[in-house]
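Please treat every number below as a calculation from the coordinates, not as lab data. None of these values were measured; they are calculated from a predicted model. Cβ coordinates were reconstructed from backbone atoms using ideal geometry, including for glycine residues, and neighbour counts include every protein chain displayed.
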Amino acid sequence: MKKILVTGGLGYIGSHTVVALQKAGYETIIVDNLSNSSLNVLGGIARITNVSPTFERLDLRYKAEVVDFFKRHSDIEGVIHFAASKAVGESVEKPLYYYENNIHTLVYVLQECVAHGIENIIFSSSCTVYGQPETLPITETAPTQAAASPYGNTKQISEEILIDTCAVENMNAISLRYFNPIGAHKSAEIGELPIGVPQNLVPYITQTAAGIREKLSVFGDDYDTPDGSCIRDYIHVMDLAEAHVVALERLLDNKNEEKYEMFNVGTGRGSSVFEVIEAFEKGTGENLDYSVVDRRPGDVTAVYADTSKANKVLGWKARRTMEEALASAWKWEQKVRNS
Ligand code: NAD
Ligand code: UFG
């Protein structure tokens with residue numbers, strides 16, 4: 001069994017990816033500092049897969065601890081690096097924390113991979129690197145644009161660090177540029193657990209339907225889109241998780257054409273905020289209280305992926321519908337509230 005290190009593996013996307021990795025026959029070892037997750041996630045993973053992943057509580061900002069960890073686990077064959085902070089607004093308030101937590105951690109992980117001959121790494125990037133693209137859907141060759149936040153900048157800098165490292169070291173890397181992950185594992189054993197008031201649309205919708213939030217604010221209906229609300233590419237988190245397994249296998253099987261590659265991971269379909277609300281109401285039978293408020297600063301009008309590179313080169317395609325993702329998010333919300 002190949003041993004895969006999953007940093008940030010107790011988080012939202014990481015935990016679903018650990019499930020996909022274990023189902024595909026990999027041994028996983030998770031490191032996480034629990035800054036945005038809980039130990040309960042381990043139980044959820046174990047109930048789905050019947051295997052409890054190895055876990056070490058580790059803060060990747062502390063180089064000496066990272067060095068010590070890799071000394072003890074030099075038999076790792078691949079790394080999926082999720083650990084990072086991800087709140088766009090918070091990154092504006094605390095830029096240095098974001099540069100430390102998102103950049104230092106990547107550098108330390110890469111240094112130890114190089115030191116121990118670990119040659120394969122998958123990195124969590126984001127469609128934020130494209131800003132507001134001039135043409136839609138967005139292909140990987142679209143120019144990246146100046147980041148609108150320190151968070152977005154950390155993703156651009158991280159991709160550059162990977163490019164420069166792969167150019168000179170025995171290292172192969174794939175950046176997956178995620179569009180908007182939503183939903184939960186169908187068992188509702190794991191899902192997204194935002195701390196405090198959710199910033200993202202779908203957790204806000206489910207918490208409103210559950211009566212935790214009074215009403216949803218739709219941030220603007222005067223955008224240049226058919227119904228005036230912003231358009232995004234919402235991808236089921238399990239589809240995204242499975243993309244990591246496929247990308248990892250490309251590296252493990254030496255099938256990559258370049259030492260550094262990047263792929264859009266979305267569905268290729270754009271949905272407006274009003275369309276998401278309608279799909280949620282229709283799929284769950286819940287009525288959602290919402291009102292239109294001012295635009296949210298920093299929001300781009302529309303982004304959705306051209307996924308043909310991932311479809312052709314990785315042989316991966318999103319299989320689940322947005323309706324399915326919304327239903328799983330609702331099931332998860334209800335389970336969390338009732339437990
Ligand atoms: P998450 O916060 O749920 O997961 C991140 C995990 O990393 C958490 O469990 C957290 O405790 C851990 N972590 C953070 N700093 C750490 C450190 N210094 N040492 C060890 N562990 C640390 O976030 P997520 O939504 O699962 O995102 C995973 C990755 O994907 C992040 O890199 C994020 O920037 C990126 N991403 C997320 C989205 C999204 O919409 N969720 C979109 C694009 C990219
Ligand atoms: N929205 C609302 N009301 C809300 C929350 C969101 O109307 O309460 C709208 C936003 O204005 C936007 C859409 O719903 O039009 C989606 O917003 P999210 O906050 O869910 O997602 P974003 O597209 O803004 O950003 C997310 C992550 C980023 C990541 C990006 C791309 O928050 O970290 O996806 O992957 F970089």
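Would you please classify the overall shape of region 71-143 from the alpha carbon gyration tensor, given that a ≥ b ≥ c denote the square roots of the eigenvalues, rounded means a/c under 1.5, and beyond that prolate means a/b larger than b/c while oblate covers the rest?
oblate
So how much slack lies between residue 144 and residue 338, counting 0.36 nm per residue of separation and subtracting their Cα-Cα distance, in nm?
Net length gain for the segment: 65.5 nm.
Per-residue HN-Hα couplings for region 297-312, Karplus 6.51 cos²θ - 1.76 cosθ + 1.60 at θ = phi - 60°, whole Hz, x for Gly and Pro?
Working through the residues one at a time gives x, x, 6, 8, 5, 8, 9, 8, 8, 8, 9, 5, 5, 5, 4, 7 Hz.
Report the extension gain between residue 46 and residue 71 in nm, rounded to one decimal, defined as 0.36 nm multiplied by the number of residues separating them, less their alpha carbon distance.
That pair, residue 46 and residue 71, stretches by 6.3 nm at full extension.
Mind jotting down the distance between the C-alpha centroids of region 114-138 and region 183-240, whole Å?
Measuring centre to centre over Cα atoms gives 23 Å.
For all pairs of alpha-carbon atoms in region 6-48, what percent lies in each bin of width 5 Å, listed from the first bin to the last filled one?
Result returned by the calculation: 5, 26, 39, 22, 6, 1.
With viscosity set to 1.567 mPa s at 4 °C, what whole-number translational diffusion coefficient in µm²/s follows for region 220-312 from Stokes-Einstein and a Kirkwood radius over Cα pairs?
Rounded, D is 82 µm²/s.
Of all GluC sites (Glu not before Pro) in region 224-258, which ones are in loop regions per DSSP and have a Cβ with at most 15 other Cβ atoms within 10 Å?
Qualifying residues, ordered by number: 257, 258.
At a threshold of 8 angstrom on Cα-Cα distance, excluding pairs fewer than six apart, so keeping six or more, what relative contact order does the chain reach in percent?
19 percent.
Which order do 62, 223 fall in if you start with the one that has the fewest other Cβ atoms within 10 Å?
Arranged by neighbour count, lowest to highest, 62, 223 become 62, 223.
Can you give the direction-averaged projected area of the convex hull of the alpha-carbon atoms in region 279-339, in nm²?
If I average the Cα hull's projected area over directions, I get 7.1 nm².
Quick one: what do you get for the chain if you divide its Cα Rg by 2.2 N^0.38 Å?
0.95
What ranking do 234-240, 49-55 get when scored by the average of other Cβ atoms within 10 Å per residue, highest first?
In descending order of packing, they fall as 234-240, 49-55.
For region 90-212, count all C-alpha to C-alpha pairs, find those more than 25 Å apart, and express that count as a whole percent of the total.
Value for region 90-212 (Cα pairs over 25 Å): 40 percent.
How large is ³J(HN,Hα) for each residue in region 56-70, as worked out from phi by the Karplus curve 6.51 cos²θ - 1.76 cosθ + 1.60 (θ = phi - 60°), to whole Hz, x for Gly and Pro?
10, 6, 8, 9, 5, 6, 9, 4, 4, 6, 5, 4, 4, 4, 5
Please compute the Kirkwood hydrodynamic radius of region 143-224 from all pairs of different C-alpha atoms, in Å with one decimal.
By the Kirkwood definition, the hydrodynamic radius is 16.5 Å.
If each DSSP helix of 4+ residues adds -39,500 (n - 2.57) and the sum is divided by the residues in the chain, what number results at 222 nm, nearest 500 deg cm²/dmol?
Calculated from helices alone, the mean residue ellipticity at 222 nm is -11500 deg cm²/dmol.
Quote the charge dipole size of the chain about the Cα centre in Debye, to the nearest 20; the model charges only the Cβ of Lys and Arg (+1) and of Asp and Glu (-1).
Roughly 800 debye for the chain.
When the chain is fully extended, how far beyond the present Cα-Cα distance does residue 295 get from residue 313, taking 0.36 nm per residue of separation?
2.7 nm
Taking the Cβ of residue 215 as the centre, find all other residues whose Cβ is under 14 Å away and add up their charges (Lys, Arg: +1; Asp, Glu: -1).
Net charge around residue 215: -3.
Whole-Å semi-axes of region 1-152's equivalent ellipsoid, largest first, each the root of 5 times a Cα gyration tensor eigenvalue?
Whole-Å semi-axes of the equivalent ellipsoid: 27, 18, 16.
Under a Cβ-Cβ cut-off of 13 Å, what is the net charge of the residues other than residue 259 that fall near it, where Lys and Arg count +1 and Asp and Glu count -1?
It works out to a net charge of -4.
Convert each backbone phi in region 276-288 into a coupling constant with the Karplus relation 6.51 cos²θ - 1.76 cosθ + 1.60 (shift: θ = phi - 60°), then list the ³J(HN,Hα) values in order as whole Hz, x for Gly and Pro.
5, 4, 4, 5, 5, 5, 5, x, 10, x, 8, 9, 9
Report the residue, chosen from 101, 200, 33, that carries the largest GNM mean-square fluctuation when the chain is represented by alpha-carbon nodes joined by springs under 10 Å.
Between 101, 200, 33, it is 200 that shows the largest mean-square fluctuation.
Cα centroid distance between region 266-339 and region 27-60, in Å?
Centre-to-centre distance over Cα atoms comes out at 26 Å.
Could you pull the Cα extents of region 124-277 along its three principal axes, largest to smallest, in whole Å?
Taking the Cα atoms of region 124-277, the three principal extents are 53, 39, 27 Å.
Which whole number in µm²/s is D for region 189-236 by Stokes-Einstein, with the Kirkwood Rh taken over Cα pairs at 25 °C and 0.890 mPa s?
Once the numbers are plugged in, D ends up at 197 µm²/s.
Give me the lysines in straight-line cross-link reach of residue 86: C-alpha distance below 16 Å, same-chain residues under 8 apart excluded.
The reachable lysines, counting only those whose Cα sits under 16 Å from residue 86, are 94, 155.
DSSP beta bridges in the chain, what fraction antiparallel, as a percent rounded to 5?
5
Suppose we take every Cα in region 47-109 and form the convex hull; what volume per residue is that in Å³?
So the per-residue Cα hull volume is 121 Å³.
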